[in-house]
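Visitor: Questions regarding the structure given below will be posed in turn.
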Amino acid sequence: MLNPADTVFETALRGNLPDAAFRPLSAKYLEEPRGRYQGVAGLLVAPETVEQVATVIRACVVAHVGVVPYGGGTGLVGGQVLPEGSAPVILSLERMKSIRNIWPAENVLVAEAGVILQDIQTAAEDANRLFPLTLAAQGSCQIGGNLATNAGGVNVLRYGNARALCLGLEAVLPNGDIWHGLKRLRKDNTGYDLRDLLIGAEGTLGVITATSLRLFPRPAEDGAALMVVGSPADALDLLALAQEHCGETVSAFELINGMGLQFLTETMPDVRLPFDTIPEWMVLVDLGVARGQSASDMLEGLFADGFERGLVSDGVIAQSVGQRADFWAVRETIPEANKRIGSIASHDISLPLSVIPEFIERGARVLAQIGDFRINCFGHLGDGNLHYNMFPQAGRDRSEYDPLRSAIKDAVHDLVHEYDGSFSAEHGVGRMKVGDLARYGDPVKLAAMRAVKSALDPAGIMNPGAIL
């Protein structure tokens, strides 16, 4: 059992940190976006330097007090709040918000963990570079949390997820030691990779305090198109065709279901839809091309070839920066429409690309045996990540379906497991999916994970109850 961060502990810690590191504990540090967990009130500490973070961790080791690292608070699996147990130290990285350096010629930027993702994107743009990690929460999420959860987003197809965008880390390990691993190297083959171990660990193996990130040349021209396809199978064939036509210029390839557009008409009628009649399926193709290439020419060629092969029946190619933004506005407002409708159950899953059409078809049949739902299936088809969500029928309230939520989740995750997929594509495990990891995780992998956790954090103070 861990001890609480009580007044005795706080008094001792205050003797080793400046007053500015202590902040009033407001409600935002005890809640998560979906409202499914309420955190235990503890001691909120916001260090400004890595040395101050190390001071906090060392004090927690000695006093046997739990630590919950807190970034932007945008995580969707409850990893940022402790819903039960002794009052923890809530370790906020919000004051560690400096971009320490940028080397445009090396395509490297070094930022502290509390820097907002959008600020990193802007800093890269100011240096005529691109940092491609793009998320709906980018105006409030922090890069440390992005790495701790190995965030994905819309550009994974081309650039990879957060892990692929990180060259090095600075971090405080569970014993309070500082790891100075802010390498700017593409090659460093010197034993175990602690960087990869900490990325995706959700704060259970240490606290990320800074990172060196990969940048990229900015595309000379961007382009986008919305194309109506007959089925997910046609969308998958169109993805392969897009990669043949456009090569590595394909930045994103999003699958959009007509149900999502229907939800937009019901809840956000001001959003301009691209087609007069809502199609059952369409895709959003986004390109970023180099100097001397034409994004619109590539997309026109793709549409013509797709139409001739019977994969595409209609489409529109963006003729301006504003129209491209309008296309993305449709895709990016679907989650908000989902929220306004009110989901019964939401799933962040990934699958081998070739089985996605069969999964979608089977999933609808399996769920129909449980209840009468509206399914909105959409997401990052290019990397196999689907957002597979169930909603009440029109005129019914989602509370009517509460008794079915557990059966829905088990049915979806069982089917994902059957297809050798993952029940968590990009949101992590947190506390919400601990049971799923125990149920579907490989026993050898889980044993190795527990051994690593035990070796690095024998006191069990780091984000207790998350992942394992």
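Visitor: In degrees, nearest 10, range 0 to 90: what is the angle between the Cα axis of helix 258-267 and the longest Cα principal axis of the chain?
Guide: Computed tilt is about 70 degrees.
Visitor: With the Cα gyration tensor of region 287-417 in hand, convert its eigenvalues to equivalent ellipsoid semi-axes via √(5λ) and list them largest first in whole Å.
Guide: Equivalent ellipsoid of region 287-417: 34, 18, 13 Å, largest first.
Visitor: So what does Thr55 come to for accessible area, using a 1.4 Å probe and Å² rounded to 10?
Guide: Here the accessible area works out near 40 Å².
Visitor: Okay, moving on. Among the listed pairs Lys409/Lys453; Lys187/Lys433; Lys28/Lys97; Lys97/Lys183; Lys187/Lys453, which have their C-alpha atoms separated by more than 23 angstrom in this model?
Guide: With Cα atoms farther than 23 Å apart: Lys409/Lys453; Lys187/Lys433; Lys187/Lys453.
Visitor: Further question: Would you mind working out the magnitude of the charge dipole of the chain relative to its Cα centre, with +1 at each Lys and Arg C-beta and -1 at each Asp and Glu C-beta, to the nearest 20 Debye?
Guide: In debye, rounded to 20, the chain gives about 1260.
Visitor: If I fit a long axis through the Cα atoms of helix 232-246 and take the longest principal axis of the Cα atoms of the chain, what angle between them do I get, 0 to 90°, rounded to 10?
Guide: That works out to roughly 90 degrees.
Visitor: Could I ask something else about it? What is the antiparallel percent of DSSP beta bridges lying wholly in the chain, to the nearest 5?
Guide: Around 85 percent antiparallel, to the nearest 5.
Visitor: I've got another one for you. With the dipole of the chain worked out from charges on the C-beta (+1 for Lys and Arg, -1 for Asp and Glu) around the Cα centre, which of Thr249, Pro174, Gly223 lies farthest toward the positive end?
Guide: Checking the options against the dipole of the chain, the answer is Pro174.
Visitor: Let me ask you something else. Amide H of Leu167: which non-local residues (sequence gap of 5 or more, or other chain) have their own amide H closer than 5 Å, using H built in the peptide plane?
Guide: Ser212, Leu213, Arg214
Visitor: Run the accessible area of the chain with a 1.4 Å probe and give the carbon-and-sulfur part as a rounded percent.
Guide: The C+S portion of the solvent-accessible surface of the chain is 50 percent.
Visitor: Under 5 Å between amide hydrogens, which residues at least 5 positions from Ala252 or on another chain qualify, with H placed 1.01 Å from N in the peptide plane?
Guide: Amide H neighbours of Ala252, under 5 Å, 5+ apart: Asp286.
Visitor: Quick query: amide H of Ser424 versus all other amide H atoms, modeled in the peptide plane; which residues come in under 5 Å with a sequence gap of 5 or more or a different chain?
Guide: Here the answer is Ser350, since their amide H atoms fall under 5 Å of that of Ser424.
Visitor: Taking the solvent-accessible surface of protein heavy atoms with a 1.4 Å probe, what is the per residue accessible area of the chain in Å²?
Guide: Here the per-residue accessible area is 43 Å².
Visitor: Sticking with this one: Evaluated at 20 °C with a viscosity of 1.002 mPa s, what Stokes-Einstein diffusion coefficient in µm²/s does region 302-349 have when Rh comes from the Kirkwood expression over alpha-carbon pairs?
Guide: The Stokes-Einstein estimate is 158 µm²/s.
Visitor: Got a sec to turn the phi values of region 34-45 into Karplus ³J(HN,Hα) couplings, 6.51 cos²θ - 1.76 cosθ + 1.60 with θ = phi - 60°, whole Hz, x for Gly and Pro?
Guide: For region 34-45, the Karplus-derived couplings read 8, x, 8, 9, 10, x, 6, 5, x, 9, 8, 10 Hz, x marking Gly and Pro.
Visitor: Does region 141-288 classify as rounded, prolate or oblate by the C-alpha gyration tensor (a ≥ b ≥ c root eigenvalues; a/c under 1.5 gives rounded; else a/b over b/c gives prolate, otherwise oblate)?
Guide: Prolate, because a/c is 1.5 or more and a/b exceeds b/c.
Visitor: Continuing with the same structure: If one takes the longest principal axis of the Cα atoms in the chain, at what angle in degrees, from 0 to 90 and to the nearest 10, does the Cα axis of helix 295-308 lie?
Guide: That works out to roughly 50 degrees.
The values are calculated or read from the model by the stated rules, or taken from the named source; none is laboratory data. Because the structure is a prediction, the values reported are computed rather than measured. For neighbour counting, all protein chains shown are included, and Cβ atoms are generated from backbone atoms with ideal geometry for every residue, glycine included. Only protein heavy atoms, including side chains, enter the accessible area calculation; ligands, DNA and RNA are left aside. Shrake-Rupley method; radii C 1.70, N 1.55, O 1.52, S 1.80 Å.
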